[in-house]
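The values are calculated or read from the model by the stated rules, or taken from the named source; none is laboratory data. Remember, predicted model here, so these are calculated numbers, not experimental data. Glycine gets a Cβ as well: all are built from the backbone with ideal geometry, and neighbour counts include every protein chain shown.
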Ligand SMILES: NC(=O)C1=CN([C@@H]2O[C@H](COP(=O)(O)OP(=O)(O)OC[C@H]3O[C@@H](n4cnc5c(N)ncnc54)[C@H](OP(=O)(O)O)[C@@H]3O)[C@@H](O)[C@H]2O)[C@@H](O)CC1
Ligand SMILES: Nc1ncnc2c1ncn2[C@@H]1O[C@H](COP(=O)(O)OP(=O)(O)O)[C@@H](O)[C@H]1O
Ligand SMILES: [K+]
């Protein structure tokens, strides 16, 4: 057993290819099913030693096969076990048919299951092979089990959850515990799938790592493995300019707070200097609230082009509280080859005509990071958002490719994607990050990483992870000010 320690995520399609490679390399597929099914029975006995009865619900494919193995192992341990099957068990094929025969005890139809207090349900209806909404008789059982609040242990995935997207196809079980095999699937991390899995256990059924890595794509869970090599330790001889200079554009006099949140988070995240570029009308409001953060009056394009001549500015944050969409467009397009975090109004400014921005970012090293929430994403990429067949990961990658920028597609399951197809799903963000100013703080952290010289994908992934950690440290009830104060050093 491994505690979800491997960062690699594999889609169901990749898993099928891994299975086929394993079979080609001489690994016995029934042996794999036996390992999978016995891992489930072991989990059931470990988690529910007081169960009055284990009810194993078996589907028409190999997920059902795992269920028959688990049922036989539970029975052999002396537990009371009933199996209910979706469809005719005589129609099972291959390893699943063999597992059903080996179970050898009468199996009842799914519709005959009457949930009873004391039951522990083992959900082996569908796993990686779910291809359409679950049939009505499965949805009915899901409803009755939920209405009695019976514990459910899901085999591979809660049936009904699409392993690729985390979306529910029709209906699904809400599991207390999920036992999956080989590696986690995107659907275990993406919402709502993540919420439906309960605690997740990854069991090594004996497929060698070399077969897994040969087939796995470029998607992983977000964590230090992605950016550790850029988490530099501070040079004792560093001076502030060596630690990166971040510039944050402020909005007008009534909306300066967002830029200040970004700026303070940028300082906390390690930028050596942070300057707020403020229009004259907002300078006083900014000045009266700033201490360590510096202030520069930037009234329009002339001021900005003069300032841009200072090559020591490592990165810009544009958008939090900015307000003036026309000016946001102008400024973003003036930044030339500078690194830029475009957030909030900075994203909305390009909603009708993003072409010039994307074109300006097409050449050279990736220098743009955009941090849209759902609404902003839909504004900038309406066609990508409308493609219902694609997952949040697919959408983020498509947007990154189109924009030539890194996309931080925010939410409870923030996805970070790069134009070269790399992507990561973040899981460490507590729900109380959903508070005003939280996104501004994130933009500042990412900006600090860019200013310090981290490449854009790593800067964004590390920023999202640090933001989540800061949220967990500050705790429920935090305000965005607390969040910036809770940013911790990057783990070296
Ligand atoms: N290496 C590994 O990871 C290992 C994986 N193993 C296990 O294998 C599982 C994957 O098995 P799988 O490919 O047979 O798919 P599974 O989820 O059982 O469903 C497919 C069946 O359901 C049917 N069907 C689909 N949707 C439907 C619907 N809505 N309503 C009705 N029917 C529907 C579909 O029929 P069809 O679409 O052809 O009509 C087909 O018959 C995986 O999750 C793991 O538990 C282990 O054994 C050990 C090794
Ligand atoms: N339910 C949630 N669980 C975890 N993180 C969340 C949740 N909802 C929002 N977040 C995070 O909080 C931040 C909110 O950003 P945003 O919507 O731009 O807010 P604001 O504009 O107020 O700063 C994002 O980083 C997002 O990923
Ligand atoms: K299942």
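Which residues, taken from the range 1-25, are out of contact with any helix residue (DSSP H, G or I) (no Cβ under 6 Å at 6 or more places or on another chain), part of a loop (DSSP other than H, G, I, E, B) and over 26 Å from residue 152 (Cβ atoms)?
25
Taking the conditions exactly as written (within 12 Å of ligand 1 (Cβ to nearest atom), in the same structural domain as residue 115 (by TED's automatic domain parsing) and not in a helix (DSSP H, G or I)), does residue 165 satisfy them or not?
No: the conditions fail for residue 165.
Considering each of 366, 348, 371 in turn, give the residue that is surrounded by fewer than 23 Cβ atoms within 10 Å (Cβ to Cβ) and touching a strand residue (DSSP E or B) at 6+ places or on another chain (Cβ under 9 Å).
366
Can you work out which of the residues in the range 246-286 that are in a strand (DSSP E or B) and in contact with a helix residue (DSSP H, G or I) (Cβ under 6 Å, 6 or more places away or on another chain) is surrounded by the fewest Cβ atoms within 10 Å (Cβ to Cβ)?
Filtering the range 246-286 for residues that are in a strand (DSSP E or B) and in contact with a helix residue (DSSP H, G or I) (Cβ under 6 Å, 6 or more places away or on another chain), the one surrounded by the fewest Cβ atoms within 10 Å (Cβ to Cβ) comes out as 273.
Just wondering, is there one or more residues in the range 316-325 that are at pLDDT 95 or above, in a helix (DSSP H, G or I) and under 26 Å from residue 362 (Cα atoms)?
Yes - at least one qualifying residue is present in the range 316-325.
Across the range 143-167, what is the total count of residues that are farther than 16 Å from residue 11 by Cα and either surrounded by fewer than 24 Cβ atoms within 10 Å (Cβ to Cβ) or under 19 Å from the mean Cα position of the chain (by Cα) (or both)?
Total satisfying the criteria: 9.
Could you list, in sequence order, the residues of the range 326-351 that are modelled with pLDDT under 95 and closer than 19 Å to residue 382 by Cα?
Passing the criteria: none in range.
Taking into account only those residues within the range 287-299 that are within 19 Å of residue 251 (Cβ to Cβ) and touching a helix residue (DSSP H, G or I) at 6+ places or on another chain (Cβ under 8 Å), which is modelled with the lowest pLDDT?
290
When you check residue 170 against the structure, is it assigned by TED's automatic domain parsing to the domain that holds residue 53, surrounded by fewer than 24 Cβ atoms within 10 Å (Cβ to Cβ), away from ligand 3 (no atom under 12 Å from the Cβ) and assigned to a loop (DSSP other than H, G, I, E, B), yes or no?
yes
Do we have any residue at all in the range 184-195 that's over 14 Å from the mean Cα position of the chain (by Cα) and either at pLDDT below 95 or not assigned by TED's automatic domain parsing to the domain that holds residue 453 (or both)?
Taking the range 184-195 and keeping what is over 14 Å from the mean Cα position of the chain (by Cα), we get none.
Scanning the range 184-195 turns up no residue that is over 14 Å from the mean Cα position of the chain (by Cα) and either at pLDDT below 95 or not assigned by TED's automatic domain parsing to the domain that holds residue 453 (or both).
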